[in-house]
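Participant: Below you will find the structure I want to go over with you.
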Amino acid sequence: MYTIYTRGACTECDAAKRYLNENDVEYKEVYLLTENDIKEIKSFLPRDLAEGMVKLPLVFDDEHHFIGDKIDMIRDHQHKLYNTFDKQSLYNLLSGHVCSVVFEKVNGELRQMKCTLMEDNLPEGYKTTSQTDRSADNFLAVYDLENDGWRGFRVNSVKSITVMD
């Protein structure tokens, strides 16, 4: 869960909260009311940020490590988290979303695939369980939307995942 520090009349704060909400990311909001609130926040920011002007929103992860003050930083952090998913977590994510998955092929090349396991996006008659149950522990079969067919990747070869919907 993230902690996001915000202030009123802040379009960047609103955009960050909207991004988190749209991507079903849990967060708690701490609303900064005064300049003293911002001074207090500076005490646990990285030194280079604490010495300058503080831009909002400020986002921290569940261990209170500073993530950043821009939506791109939140996205990057989320992609790093996705890279640590196990097969079941990847399956759960792809069952609810269309994603762009970047993985390393056996020959060392990187491949990007727009894929899903959402039943609404599969051709008639396909069920995700029949494709994933037969796969080895380190392999996940997914539906490649651009090539209109079943493909797969090794779970430990995933470099990044971007939720596209």
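What follows is calculated from the coordinates using simple rules that are stated; it is not laboratory data. None of the values given here were measured: they were computed from a predicted structure. Because the Cβ atoms are built from the backbone with ideal geometry, glycine has one as well, and the counts that use them run over all protein chains shown.
Participant: Tally Lys/Arg at +1 and Asp/Glu at -1 over every other residue whose Cβ is under 12 Å from the Cβ of residue 38; what's the total?
Facilitator: On the way: positive: 7, 39, 42, 55; negative: 35, 37, 40.
After counting each charged neighbour, the total is +1.
Participant: State which entries of 17/87; 114/159; 17/42; 87/159 exceed 19 angstrom in Cα-Cα distance in the structure shown. The partial results should precede the final answer.
Facilitator: Working: 17/87 29 Å; 114/159 14 Å; 17/42 21 Å; 87/159 14 Å.
Table pairs above 19 Å Cα-Cα are 17/87; 17/42.
Participant: On to the next question. For labels at residue 51 and residue 114 in the simple 7 Å Cα→Cβ model, what's the distance in nm?
Facilitator: For the pair residue 51/residue 114, the computed spacing is 4.5 nm.
Participant: Same structure, new question: Considering only the other residues whose Cβ falls under 9 Å of the Cβ of residue 2, what net charge follows from Lys and Arg at +1 and Asp and Glu at -1?
Facilitator: -2
Participant: Let me ask something additional. Using Cβ counts within 10 Å as a stand-in for footprinting exposure, how do 98, 30 rank, fewest first?
Facilitator: Working: 98 18, 30 14.
The fewest-first ordering by Cβ neighbours comes to 30, 98.
Participant: Can you give the extra length, in nm with one decimal, that the chain gains between residue 19 and residue 105 once fully stretched, where that is 0.36 nm per residue apart less the Cα-Cα distance? Write down the numbers at each step before the final one.
Facilitator: Working: separation 86, 0.36 × 86 = 30.96 nm, distance 3.10 nm.
Between residue 19 and residue 105, full extension yields 27.9 nm more.
Participant: In addition: At a 10 Å Cβ-Cβ cut-off, how would you order 53, 113, fewest neighbours first? Walk me through the numbers on the way to the answer.
Facilitator: Working: 53 6, 113 18.
Lowest to highest Cβ neighbour count: 53, 113.
Participant: Next up: Rank the residues 18, 7, 111 as a footprinting-exposure proxy: fewest other Cβ atoms within 10 Å of their Cβ go first.
Facilitator: Numbers: 18 11, 7 17, 111 14.
The most exposed by this proxy come first: 18, 111, 7.
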